[in-house]
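Participant: Input: one structure, supplied below.
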Amino acid sequence: MKITKPTATDINKDGYKTGGVDVKVDSQNLHLDPRSQTSIRGRNYVAQGDVADVRGTKRMLATKSKKATWY
């Protein structure tokens with residue numbers, strides 16, 4: 001009996017071989033890179049991330065930020 005390992009091409013984004021769920025990628029809040037504004041070769045975009053509130057902050061220091069940036 002031959003044992004084969006699944007390769008990266010056999011598995012979908014959600015970890016299943018067939019079927020599964022479509023995975024949506026967030027926009028990541030893209031902004032134009034300031035260094036590429038004057039470039040003639042092309043424009044590059046930089047992800048600024050999405051800001052979200054942090055949950056479970058009861059025992060957190062008052063000076064700490066309760067916002068997180070996700071990229």
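Since every read-out is calculated from the coordinates, none of them should be taken as a lab result. The structure displayed is predicted, hence computed values, not measured ones. Note: ideal-geometry Cβ built from the backbone for every residue, glycine included; neighbour counts use all protein chains shown.
Participant: For an R0 of 22 angstrom, estimate the FRET efficiency from the Cβ-Cβ distance between Arg55 and Asp22 and round to the nearest 0.05.
Facilitator: Computed FRET efficiency for Arg55 and Asp22 comes out at 0.25.
Participant: So how much slack lies between Lys2 and Ser36, counting 0.36 nm per residue of separation and subtracting their Cα-Cα distance, in nm?
Facilitator: Going from the current span to full extension adds 6.9 nm.
Participant: While we're looking at this one, here's another question. With N residues in the chain, what two-decimal value do you get for its Cα radius of gyration over 2.2 N^0.38 Å?
Facilitator: Here the answer is 1.86, to two decimals.
Participant: For the range 15-55, how big is Rg over Rh, using alpha carbon atoms and the Kirkwood form of Rh?
Facilitator: Ratio value, two decimals: 1.22.
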